[in-house]
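K.L.:
Below are the structure tokens for one structure; questions will follow.
Just so you know, all these numbers are worked out from the coordinates, no wet-lab data involved. Small disclaimer: the values here were computed from a predicted structure and weren't measured. When we count neighbours, we look across all protein chains shown, and the Cβ atoms used for this are built from the backbone with ideal geometry, even at glycine.
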Amino acid sequence: MKYSSILLALLSGILLWLGWPTYGFPLLLFGAFVPLLFAELHIRKSELRFKGWRVLGLSYLSFFIWNISTTWWLYLATGFGMWFAVLVNSLLMALVFLCYHKFAKKVSQGAAFTFLSCLWISFEYMHLQWDFSWPWLNLGNGFSEYVSWIQWYEYTGTFGGTLWIWLLNVILFYTIFKLKNYGFTVIQALKKSVLPALVILIPIGISQIILFSYFEVNKDSGTDVVIVQPNIDPYEEKYTFTNDKVTQLITNLALPEITLNTEFVIAPETVIADNIRISQVNYHPTLQSLRGNFASYPNLSYLGGISLVDVFKNPDQATNQTNLASDGVTYYNDYNSAMFFNQLGPVELYHKSKLVVGIENFPYKSILKPILGDAMIDLGGTVATKTTQEERSVFTSLNETKVASIICYESVYGEYVTGYINNGAQFLAIITNDAWWGNTQGHQQHLSLARLRAIESRRWITRSANTGVSAIIDHRGKIIQSLGYGKQGTINGTIRKRDDITFYVQHGDYIARIAIFMGVFTLLFGFTRRRKKRA
């Protein structure tokens, strides 16, 4: 393997890293795959042995650099689990590239690039669906800090961004290939640069038109919210705080900011962390005390995170998400939930249903548990599998405002979030605890991804994070107010509720579904055409 190919692979990995939020410049993503594509082409056209292994190794190098440089902070929460995520995800990406290499040897370059783009999008879609889900590095997320470029995500979702990136990489590859192999003058080079420039500038221009023509459909005075950021250290304090102490802290932070116009108090994920029996939520003394602390504000609704548990002995009640206690006879369902209440009616719950792999769920438990035993726990993984629910619950305030409670990792899933909108949500409340990752890119990237959900759904977002960054984000993805990492306090602000339904909310990840169909069609077409030539 020539050193030039290794350098090209290194360059692709570095460009992907430097193009990634929140520190990067996404323009680099438009050419990040070009060096790797040239390295693959060189190997494919050469007389070298073990071409497939060489391509796999080079692409793995590129994607390992990208994965480790952008998500190393997972180590702070998962230890060895970070290495599993980085090594396996890099391998999956490299396998996509290997499939392209194998296919490109049999068909035209145009058909090969079509297949590669469709296969990559299909891979990203798989990462939204399967038990080993890890869509953090889906390419369309790369524009989350440059929301003025992607206002059209309300029509395409993040897969529109992935398609945009691959289209530019293919165009740049062809442009550089022709200039390199056929020679060029300055005038010819400028002419060749027109198409890539237009493919970059036209979508940005469309985005600017959408951005500056958008207006608020709802002309009411807005909905007042108080967002609580308690700043409890999850490693040193969270599980030593009693529930009573936590609820008193929430009350002390929120009450000075509440007015008669305040409609919601929003607190972070699992802020009440000492497991309460799910059957007790309507009369547990701590929760009754919390409700009573806000009794002077009859129109106020509270939304916050809580850890709940359901304990039973009957094995017939167990599901594939049920945990067996160490005594071997007691079963329990463990919930990471959002709790909603006001001064009228019972407590309402929503149970987190997109779970963090290896932390909140055991992937393919029925298959892997007999093989691995407690290996996931030994590697810093699953302590107890969380129990989920089918529907995306929407809570309604006494003023008839409908809010979606999105718990932590769920905010990474665009089509998943549309389920709340289709159930009537007028704004999105993200409750999260990003302190597990410390003051790293982890919490910054997580906040940044929330901006994409605002654009896709055209909904305002309130974000309550245990240690920050808490924020209010408008329907264009702009951060209106924020409270920095490591600070204790509140945000007192006003959001707008919206009822309009975007094209993306209606149709979800249709680009990915089309890509899957086109990928299969291209694959079949390629092999059918090759057989005809042989005949």
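K.L.:
Tell me which chymotrypsin sites (Phe, Trp or Tyr not before Pro) from segment 267-336 have a DSSP coil assignment and no more than 11 other beta carbons within 10 Å of their own.
P.N.:
Loop-located and lightly packed - TYR283.
K.L.:
Still on this model: Could you list GLU269, GLU237 so that the one with the fewest beta carbons within 10 Å of its beta carbon is first and the one with the most is last?
P.N.:
Ranked by crowding around the Cβ, least crowded first: GLU237, GLU269.
K.L.:
Here is a further query. With n ≥ 4 as the cut-off for DSSP H runs, can you work out [θ] at 222 nm for the chain, using -39500 (n - 2.57) per run divided by the number of residues, rounded to the nearest 500?
P.N.:
Calculated mean residue ellipticity at 222 nm is -15000 deg cm²/dmol.
K.L.:
What number, in percent, do you get for the relative contact order of segment 209-298 if the mean sequence gap of Cα pairs under 8 Å and at least 6 apart is divided by its residue count?
P.N.:
Reported relative contact order: 36 percent.
K.L.:
Using Cβ contacts closer than 10 Å as the measure, can you line up TYR350, TYR504 from fewest to most?
P.N.:
Starting with the residue having the fewest Cβ neighbours, the order is TYR350, TYR504.
K.L.:
If eta is 1.306 mPa s and T is 10 °C, what Stokes-Einstein diffusion coefficient results for segment 250-322, Kirkwood Rh from Cα pairs, in µm²/s?
P.N.:
The Stokes-Einstein estimate is 112 µm²/s.
K.L.:
Once you treat every alpha carbon in segment 285-345 as an equal point and sum by Debye, what is log10 I(q)/I(0) at q = 0.12, 0.17, 0.19, 0.21 Å⁻¹?
P.N.:
So the normalised log intensities are -0.46, -0.69, -0.75, -0.81.
K.L.:
For a quick check: with amide H placed at 1.01 Å from N, whose amide H comes under 5 Å from GLY304's, ignoring anything fewer than 5 positions away on the same chain?
P.N.:
ALA267, MET339
K.L.:
Further, regarding this structure: When the convex hull of the C-alpha atoms of segment 156-202 is computed, what volume per residue in Å³ does it have?
P.N.:
Roughly 52 Å³ of hull volume per residue.
K.L.:
Loop only per DSSP, at most 13 neighbouring Cβ atoms within 10 Å: give me the chymotrypsin sites (Phe, Trp or Tyr not before Pro) in segment 42-84, ordered by residue number.
P.N.:
For chymotrypsin sites (Phe, Trp or Tyr not before Pro) across segment 42-84 that sit outside H, G, I, E and B with at most 13 neighbouring Cβ atoms in 10 Å, the list reads PHE50.
K.L.:
Output the relative contact order of segment 61-150, whole-number percent, from Cα pairs under 8 angstrom with separation of 6+ residues.
P.N.:
Computed value for segment 61-150: 18 percent relative contact order.
K.L.:
Then there's this: Let's see if you can work this out: charge +1 on each Lys and Arg Cβ, -1 on each Asp and Glu Cβ, no other charges. What is the dipole magnitude of the chain about its Cα centre, in debye to the nearest 20?
P.N.:
3400
K.L.:
Turning to a different aspect of this structure: Between SER193 and PHE25, what FRET efficiency comes out of the Förster formula 1/(1 + (r/R0)^6) with R0 = 30 Å and r the beta carbon distance, rounded to 0.05?
P.N.:
0.95
K.L.:
Same structure, new question: What length, rounded to one decimal in nm, is gained on full extension from PHE177 through to TYR155, with 0.36 nm per residue of separation minus their alpha-carbon distance?
P.N.:
Stretched out fully, the PHE177 to TYR155 stretch lengthens by 4.6 nm.
K.L.:
In Å, what is the Rg of the alpha-carbon atoms in segment 384-535, and how long is Dmax?
P.N.:
Values for segment 384-535 (Cα only, Rg and Dmax): 20.0, 74 Å.
K.L.:
Two-decimal Rg/Rh of segment 130-252 from alpha-carbon positions, Kirkwood Rh?
P.N.:
1.23
K.L.:
Quick one: in segment 9-107, what % of C-alpha pairs are over 24 Å apart?
P.N.:
Taking all Cα-Cα pairs of segment 9-107, the fraction more than 24 Å apart is 26 percent.
K.L.:
Within 13 Å, Cβ to Cβ, of SER337, how many net charges do the neighbouring residues add up to if Lys/Arg are +1 and Asp/Glu are -1?
P.N.:
Residues near SER337 contribute -3 overall.
K.L.:
A further question follows. Cα atoms only, segment 195-335: Rg and Dmax in Å?
P.N.:
Expressed in Å, the Cα Rg and Dmax of segment 195-335 come to 22.6, 67.
K.L.:
Sticking with this structure for a sec: Report relative contact order for segment 401-535 in percent, whole number only (criteria: Cα-Cα under 8 Å, sequence separation at least 6).
P.N.:
21 percent.
K.L.:
Just grab the label-to-label distance for VAL88 and ILE202, each label 7 Å out from Cα along the Cβ direction, in nm (one decimal).
P.N.:
Modelled inter-label distance: 4.1 nm.
K.L.:
So if I take the alpha carbon set of segment 437-476, get Rg, then get Rh from the Kirkwood formula, what is the Rg over Rh ratio?
P.N.:
Result for segment 437-476 is an Rg/Rh of 1.00.
K.L.:
Straight-line reach only, C-alpha to C-alpha below 15 angstrom: list the aspartates and glutamates that LYS106 could link to, leaving out same-chain residues fewer than 8 apart.
P.N.:
GLU40
K.L.:
Using the Kyte-Doolittle scale, find the helices of the chain whose mean hydropathy is at least -0.5 and whose Cα atoms extend 15 Å or more along the helix's long axis, counting only whole DSSP H runs.
P.N.:
Within the chain the helices that satisfy the rule are 3-18, 34-45, 51-71, 80-104, 109-129, 158-182, 186-213, 243-254, 510-534.
K.L.:
Between GLN317 and GLU236, what is the FRET efficiency for a Förster distance of 51 Å, r being their Cβ-Cβ separation, to the nearest 0.05?
P.N.:
0.90
K.L.:
Still on this structure, please answer the following. Mind giving me the nanometre distance, one decimal, between the label points for LEU398 and ASP310, set 7 Å out from Cα along Cα→Cβ?
P.N.:
For the pair LEU398/ASP310, the computed spacing is 3.0 nm.
K.L.:
By counting other Cβ atoms within 10 Å of each Cβ, how are HIS284, HIS443 ranked from fewest to most?
P.N.:
HIS284, HIS443
K.L.:
A follow-up question, please. Using θ = phi - 60° and the Karplus relation 6.51 cos²θ - 1.76 cosθ + 1.60, list the HN-Hα couplings for segment 338-349 in order, rounded to whole Hz, with x at every Gly or Pro.
P.N.:
Taking θ as phi minus 60°, the curve returns 9, 10, 10, 7, 9, 7, 10, x, x, 5, 10, 10 Hz for segment 338-349.
K.L.:
Still on this model: Could you tally the net charge around PHE173, taking each other residue with its Cβ under 13 Å from the Cβ of PHE173, Lys/Arg +1 and Asp/Glu -1?
P.N.:
Neighbour charge sum, excluding PHE173 itself: +2.
K.L.:
Under a cut-off of 17 Å between alpha-carbon atoms, report the aspartates and glutamates in cross-link reach of LYS402, not counting same-chain residues fewer than 8 places apart.
P.N.:
Cross-link targets: ASP220, ASP224, GLU263, GLU348, GLU391, ASP474, ASP499, ASP500.
K.L.:
Taking all pairs of different Cα atoms in the chain, averaging 1/r and flipping that mean, what Kirkwood radius in angstroms comes out?
P.N.:
Over the chain, the inverse of the mean reciprocal pair distance is 24.9 Å.
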